[in-house]
């Protein structure tokens, strides 16, 4: 079941990328990331931020939103992505004020509000951590065809890993899904495209 | 064919481990360059990186890792499959003769869990690698902030 879902998602990505390539040739700016305009739904969620306040997509309307799913007990890949985003925010300078990086946990059991807060701010105080109920998080992940799965503990201590989608979703100021950055995307490519979105109110 | 290949792999592995068992690598021919730990807050698991260099004439195999500062050190490997990021435990890691293997973000790394004392950026942590055949290598890893990109930051 999981395999077939994953495969569906992979094929869907390939198909949409091909469609996007055609569209990109027509009129769009010279995006360096994958253009997903019209292929993913607008930003919509109801979650809790890393200060414990309820937030929705409307909270971030007017800002370019960078959305990434991860968890704090992820010492390798999640930090790598968050360091990339921190570097990009630094490079954006004052344009960073028009961008909000949202780190959505896929492990709400261990990622309490205080832990999430300490984790995201250790990378960049501008990064926002979001958590919610299992249902709220599952709904958001499903909306963007993001996958996550809690793995069985590999040691007797009960520590577990969570396999999760590693894509970065980028939304414009109106909350429309615009770009998708895969883990292979360079800081320069993310910076290039965010700058265009940030400079076009 | 698959069965034959499987058998061949098994035989090679068996021969390899016999050879390793017979010739424990002298520790002076092994060292770690650019060693560092990415610190994370809230006593979260941290990751250790560096480049393991083997200047000896034989391959060496890392069987386990430990540290006086952490309850558990595991060799892990992050990988991507169909856009999903997943982490595997690694049973052992082989460093070829006159070769090097990188432990770097997004690939092989040491996962450090259950810190025994509060650890913060600026500290140093000793990590010992145990090799097949009995060799050991202890290295001092500097602890860097969460948003560091590496020891040259």
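Some values worked out for this structure:
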{"item": "Shielding by partners - mean other protein chain Cβ count within 10 Å, residues of B:39-51", "result": "5"}
{"item": "Rg(Cα)/(2.2 N^0.38 Å) for the range A:61-162, N = residue count", "result": "1.12"}
{"item": "Rough spin-label spacing in nm, given labels placed 7 Å along Cα→Cβ, for residue B:102 and residue B:149", "result": "1.3"}
{"item": "Residue order, fewest to most surrounding Cβ atoms within 10 angstrom, among B:39, A:31", "result": "A:31, B:39"}
{"item": "Exercise: per-residue mean of other protein chain Cβ atoms within 10 Å, B:76-83", "result": "6"}
{"item": "Distance between modelled label sites at residue A:188 and residue A:142, nm, 7 Å Cα→Cβ extension", "result": "4.2"}
{"item": "Share of Cα-Cα pairs in chain A lying beyond 28 Å, as whole percent", "result": "23"}
{"item": "Principal axis dimensions, largest first and in whole angstrom, of the range B:73-153 by Cα", "result": "39, 32, 27"}
{"item": "Partner chain coverage, peptide B:84-93 - average Cβ within 10 angstrom", "result": "5"}
{"item": "Debye intensity ratio in log₁₀ form over the Cα atoms of the range B:88-128, taken at each q of 0.33 Å⁻¹", "result": "-1.28"}
{"item": "Overall Cα dimensions of the range A:79-130 - principal axes, largest extent first, Å", "result": "35, 20, 16"}
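Taken together, the values in this text are just the output of simple stated rules run on the coordinates, not laboratory data. Model, not experiment: these values are computed from the prediction. Cβ: placed from backbone, ideal geometry, glycine included. Neighbour counts: every protein chain shown.
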